[in-house]
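In what follows, a single structure is set out as structure tokens and then discussed.
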Amino acid sequence: MKKLIFAVFLFSLLAGNVFANDNDGFGIGTVFYGGYGYGPGLLLKFPVVPLYWGISVGLKEIPNVGDNAEQYFRFSISFDYHFIDKNFPNTEKFSWFLGGGIIYSHSHFEVKDGFAGRIPIGIYFTPVRRFDIVLEFAPAVGLYTNYDSVNEFDYGMHGSLGIRYWF
């Protein structure tokens, strides 16, 4: 896990020189996810690098038989590139996007790791300058693996609704 986080961080630093023409600025926001990595999360977009990041972490107790409860931990991170990002005709407040990306998810309770490719499609609504509301759906296809090294093919739909501020 530490190697994955380090590799993503290193890629972000190195990608700045490759994607130097992207001047969208820095965006940060909050989001509620459904599907792979459900629950509350964080939206990020760093300047220069044309990747949209989503991060979700969850902790809770799951009741067990008797008086015991099990701790549940989950984590997911996604990286998307928007191939198309356009305004709807006759409006500056609504736009849509289509992209490609990957998502990694880990569930401690189910003892699983998931890795999938995804195709995000969604809309932005910008009610006021520097704020946008994001609605996204992303069909995903990938593999789950557990600690017994059993791999399972999986597919599903990921959805999110969030609000973001642009600096």
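Here are the numbers for this structure:
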read-out: Exposure proxy ranking, count of Cβ atoms within 10 Å, fewest first, for SER78, SER149, SER95, SER56; value: SER149, SER95, SER56, SER78
read-out: Sorted by Cβ neighbour density within 10 Å, fewest at the top, the residues TYR104, TYR155; value: TYR155, TYR104
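All of the numbers you see were taken from the coordinates with simple rules; none came from a lab. This structure is a prediction, so every number in the text was calculated from the model and none was measured. In this analysis, Cβ positions are derived from the backbone assuming ideal geometry, glycine residues included, and neighbour counts consider all displayed protein chains.
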